[in-house]
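Before any comments, here is the structure.
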2 protein chains.
Amino acid sequence: MTGWQHIAGPDALNLDLINRAEKLIAPYIVQTPVLESTVLNAIADAQLFFKCENLQRTGAFKFRGAMHALLNLTAEQRKQGVYTVSSGNHGAALAAAGSILDIPVQVAVPSNAPLVKKDNIANNGAEIIEIEPGMAAREAFIEEKQNQSQRIFIPPYNHPLIMAGQGTAALELVKAVPDLDALISPLGGGGLLSGTAMVGHSQNISVFGIEPELANDAYLSLQAGSIQSALPPKSICDGLLTNLGEHTFPVIQDYVNAILLVTEDEVISAMQQLWQALKIIVEPSSATVFAAVCKYPEYFQGKRLGLIISGGNVDVRRLPWPVTLLEKAE
Amino acid sequence: MTGWQHIAGPDALNLDLINRAEKLIAPYIVQTPVLESTVLNAIADAQLFFKCENLQRTGAFKFRGAMHALLNLTAEQRKQGVYTVSSGNHGAALAAAGSILDIPVQVAVPSNAPLVKKDNIANNGAEIIEIEPGMAAREAFIEEKQNQSQRIFIPPYNHPLIMAGQGTAALELVKAVPDLDALISPLGGGGLLSGTAMVGHSQNISVFGIEPELANDAYLSLQAGSIQSALPPKSICDGLLTNLGEHTFPVIQDYVNAILLVTEDEVISAMQQLWQALKIIVEPSSATVFAAVCKYPEYFQGKRLGLIISGGNVDVRRLPWPVTLLEKAE
């Protein structure tokens, strides 16, 4: 990730960086709404406030971090353009941010990525480069790029500027909803959770990260005291399959109260309940937070809880529960 | 509707009534967000602003009118309680509004109403009374109720207080988004459209009402100059099957630029596009507005358009497009 040394910024995340990120990105982001539901409150026996980053530009919180990184580029770096490797939300977010700021964006996409994800990246104005699936092809691509181009690599989560951008969702939430007892966030690579944790800690609000049981690498990492991989990570939560990074891990070690695990079935049930009650499209990764609130009353019962709904990028023709066809009139 | 003479209020809708309704109901409603999508703008070749009443309490704009009616009751009337006949969004809205204001609510529900709709009414705290399906049973119930009880009947749309409450959605929208060229609303009984039309007219904004071809009673009514029925009205848009009323019809005659028709297939296609791009659950009735914007470029191309998304009450296990099962990890 040599490209990153060209971007000015601190070596580690701090609260001031999140506060400045909020002001920097404000003109470009959607101030996403906070939704409530008496039905879901009753199910969870708690008072729930959903920060709806699925309604963010490109359908996920990732736009905040990508935009924050691009706004920290020098004029010269902007001209060179940027690139990343992503089959999902980060690629689309970087594409949209680059398009708004007139910065050329290349996104390397594994050839087996779903068409709907590729479309989301291309529709937002990035150039797509197909690479072989897997970690080796990904790293080879980045190395070749670093050697042969002046473009800046924008990683999906493991950088203080990205983490600070993602933390602004929690910052908006705690400003909108006073006296929260806890913030609850999905946990993949830790970009969203580390920013959320720093915000929560600064206000004496507990912070929980939620992981699928089948991709419990962060849970294992905290137990071991060093970054672990879940091998192989697998889950319907396609946004939560990545490992922690050397920037996100220490923040999560220091500021997260607990990492809680949920099963695939719990995620699917929670996802359906969120769709039905909140009237929003929530992706499996984001449903983990409501699943955890229902599963762990010892942490959450009777509390005021801020839940980050991280994204809504699903193909509405492929759902994890059985659907019968509603007939039109003839 | 003899009960209604007990409620103070003007004989016809006027702009001042909508302005006062906005202030009255503000403490109780969700100030619903206005969403945008570059993808949908590109499809429609116009600039679209979606007022998301599917994110309103009980999942539909109906809560505005119901709350406004209840806030106009005298203390004595509040004690007597209210009732309505509804198999859908109005029943749930009245239930929730009554529950918040501590006013007893009875909702008569046709025995063939879907379970999910009955649950939505009961979950919001109303007493449910099952009646036979059909207009005759409905009118018999209301007449019996008027004779035997002091409860006030709260109609679903055909009253100036209800229409004024529904108009507040458009009022919020034009305040949030300057320089709109047109407001576009679904058209069932005309409560939402009449309020929207009065707001649009006051600001020199064109207003369009959208109806399913198979339930085109309002379209026929404007042609005939008197209220017509579509016999039998039928459509996947279950919120748009009602006739105009004597209060809503003249407002629509005077202030609506045109009524446009869309087919069942156009509604289903628009609904899927809205779910996919906006990341929100939109019911078929609400998808009519986007379908119309795509279908009638002669009215809408290149314009700044405010679209009222009226509700999101669908059973997410019954959808009008084929869905394949997304497998969980094992």
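The values are calculated or read from the model by the stated rules, or taken from the named source; none is laboratory data. For clarity, every value in this text was computed on a predicted model and none was experimentally measured. Please note: Cβ atoms are built from the backbone with ideal geometry, for glycine as well, and neighbour counts cover all protein chains shown.
Okay, here's what the table says:
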| read-out | value |
| --- | --- |
| Boolean, A:L35 is in the same structural domain as A:K175 (by TED's automatic domain parsing), at pLDDT 95 or above and over 20 Å from B:P33 (Cβ atoms) | no |
| Answer residue from the stretch B:58-99, given it is of a type in the set (D, E, K, R) and crowded, with 24+ Cβ neighbours inside 10 Å and is farthest from B:N112 (Cα to Cα) among those | B:R64 |
| Spans of helices (runs of 4 or more DSSP H) in the stretch B:5-78 with at least 1 residues in contact (Cβ under 8 Å) with a residue 24 or more places away in the chain and over 30 Å from B:K295 (Cα atoms) | B:15-25, B:62-71 |
| Search result, residues across the stretch A:275-312 that are farther than 19 Å from A:L214 by Cβ, of a type in the set (S, T, N, Q) and in contact with a strand residue (DSSP E or B) (Cβ under 6 Å, 6 or more places away or on another chain) | none |
| Those residues of the stretch B:241-271 which are away from chain A (no Cβ under 11 Å), part of a loop (DSSP other than H, G, I, E, B) and over 18 Å from B:K295 (Cα atoms), in sequence order | B:T242, B:N243, B:L244, B:G245, B:E246, B:H247, B:V256 |
| Residue check for A:K234: in the same structural domain as A:D45 (by TED's automatic domain parsing), over 29 Å from A:H159 (Cα atoms) and among the basic types (K, R) | no |
| Some residue of the stretch A:230-240 being within 22 Å of A:V30 (Cα to Cα) and crowded, with 19+ Cβ neighbours inside 10 Å | yes |
| Hits in the stretch B:272-316 (condition: outside any helix (DSSP H, G or I), free of Cβ contacts under 8 Å to residues at least 40 places away in the same chain and either closer than 21 Å to A:N54 by Cα or at the interface with another protein chain (Cβ under 10 Å from one of its Cβ atoms) (or both)) | B:K279, B:V314, B:V316 |
| Strands (runs of 3 or more DSSP E) within the stretch A:82-190 that include 2 or more residues in contact (Cβ under 8 Å) with a residue 24 or more places away in the chain, aliphatic (A, V, I, L, M) and under 30 Å from A:Y296 (Cα atoms) | A:182-186 |
| Unmet criterion (only one of (1) of a type outside the set (S, T, Y); (2) touching a strand residue (DSSP E or B) at 6+ places or on another chain (Cβ under 7 Å); (3) within 14 Å of chain B (Cβ to nearest Cβ); (4) surrounded by fewer than 21 Cβ atoms within 10 Å (Cβ to Cβ)) for A:E211 | (4) |
| Any hit, the stretch A:246-254, residues being among the β-branched types (V, I, T), surrounded by fewer than 24 Cβ atoms within 10 Å (Cβ to Cβ) and out of contact with any Asp or Glu (no Cβ under 9 Å at 6 or more places or on another chain) | yes |
| Conditions (1) surrounded by fewer than 21 Cβ atoms within 10 Å (Cβ to Cβ); (2) in the same structural domain as B:A270 (by TED's automatic domain parsing): number failed by B:K51 | (1) |
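Let's see how each residue does on (1) over 23 Å from B:V314 (Cβ atoms); (2) among the hydrophobic types (A, V, I, L, M, F, W, C); (3) touching a helix residue (DSSP H, G or I) at 6+ places or on another chain (Cβ under 7 Å):
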{"site": "B:N14", "(1), (2), (3)": "yes, no, no"}
{"site": "B:Y28", "(1), (2), (3)": "yes, no, yes"}
{"site": "B:Q31", "(1), (2), (3)": "yes, no, yes"}
{"site": "B:R64", "(1), (2), (3)": "no, no, yes"}
{"site": "B:A75", "(1), (2), (3)": "yes, yes, no"}
